[in-house]
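Notes follow once the structure below has been shown.
The values are calculated or read from the model by the stated rules, or taken from the named source; none is laboratory data. In this text, all values refer to a predicted model and were calculated from it rather than measured experimentally. Note that we place each Cβ from the backbone using ideal geometry, even for glycine, and neighbour counts take in every protein chain shown. Note: areas computed on protein heavy atoms with side chains; ligands, DNA, RNA excluded. Shrake-Rupley method; radii C 1.70, N 1.55, O 1.52, S 1.80 Å.
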Amino acid sequence: MTTIAIVDDDPIVCQSLQTILTATGTAEVLWTANDGDAALAGYFKAPSSRPDVLLIDIQMPVADGITAARRILARDPAARILFLTTFADRDYIAQAMGLGAKGYLIKQDVSAVGPAIEAVMAGQVVMGSDVLGKLTGDVHAPYAADSPSGDEGALDDALNERERDIAALVAKGLDNRDIAATLYLSEGTVRNRISAILDKLGLTNRTQLAIRWINEHR
């Protein structure tokens, strides 16, 4: 069973999510925490305390979710972090996804948490409809300034036609298998093409590629 940890400054939220996810057989909750520092301590307490997916809020005391996620990913780049918050602020979204988070959900739809965890475990990036609306609406490429890319030219100029096709599907949240099926390519080819695209643009992960594509094609 998928293991998770829940970090939220409201103990009631932690307990409610734990009850729902356990009762539905979605995941086993290893531990909960109420601030960013406690999340960091819990995550690195022991190898067995590292969850498959870490659900974390944005605004919390001591250390916020963005800070905690950054510190966790610095020590464990493979960490799967899924933000669950009440804040649909475009700056928060861009910061979170720019770090390499696996998703960003709004707390209003708790029923979406279970499917989101399953999607993250399947290798997909998950963003709620409200979140996508922020990114494709009036967002002003907030992540670009924080990206490691030294070339801020348009993607359409930097990528060839096949690379643009792949980047567009990455931005839709498709995994390598689905991209391969859509474009009639092998998964290995898709994986190699995405690596080449990231190298060409100076990006570190497909989430950054997805956000940049959305920002430039809104």
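Given +1 at the Cβ of Lys and Arg, -1 at the Cβ of Asp and Glu and no other charges, the dipole of region 155-217 around its Cα centre is 160 debye to the nearest 20.
Phi-derived couplings, Karplus 6.51 cos²θ - 1.76 cosθ + 1.60 at θ = phi - 60°, listed residue by residue for region 157-162: 7, 7, 10, 7, 4, 5 Hz, with x used for Gly and Pro. Largest GNM mean-square fluctuation across Gly173, Gly65, Gly202, computed for the chain with C-alpha springs under 10 Å, falls on Gly202. Mean-square fluctuation check for the chain, GNM, Cα pairs under 10 Å: which of Leu21, Leu155, Leu183 is largest? Taking springs between Cα atoms under 10 Å, the residue moving most is Leu183. Run the Debye formula on the Cα coordinates of region 155-217, all scatterers equal and no solvent, and tell me log10 I(q)/I(0) at q = 0.17, 0.26 1/Å. Those come out to -0.48, -1.18, one per q. Taken about its Cα centre, the chain carries a charge dipole of roughly 500 debye when the Cβ of each Lys and Arg holds +1 and the Cβ of each Asp and Glu holds -1. Only protein heavy atoms count here; under a 1.4 Å probe, Ile56 has an accessible surface of about 0 Å². Springs join every pair of Cα atoms under 10 Å in this Gaussian network model of the chain, and among Asp199, Asp57, Asp35 the largest mean-square fluctuation is at Asp199.
Legend: translational diffusion of the chain by Stokes-Einstein, Rh = Kirkwood radius over C-alpha pairs, 10 °C, 1.306 mPa s; D = 89 µm²/s. Computed on the Cα trace of region 1-46, the radius of gyration divided by the Kirkwood hydrodynamic radius gives Rg/Rh = 0.98. Hey, for a label at Glu118 modelled as a point 7 Å past Cα toward Cβ, could you say which residues of region 78-112 have their backbone N under 15 Å away? Output list for this probe position: 111-112.
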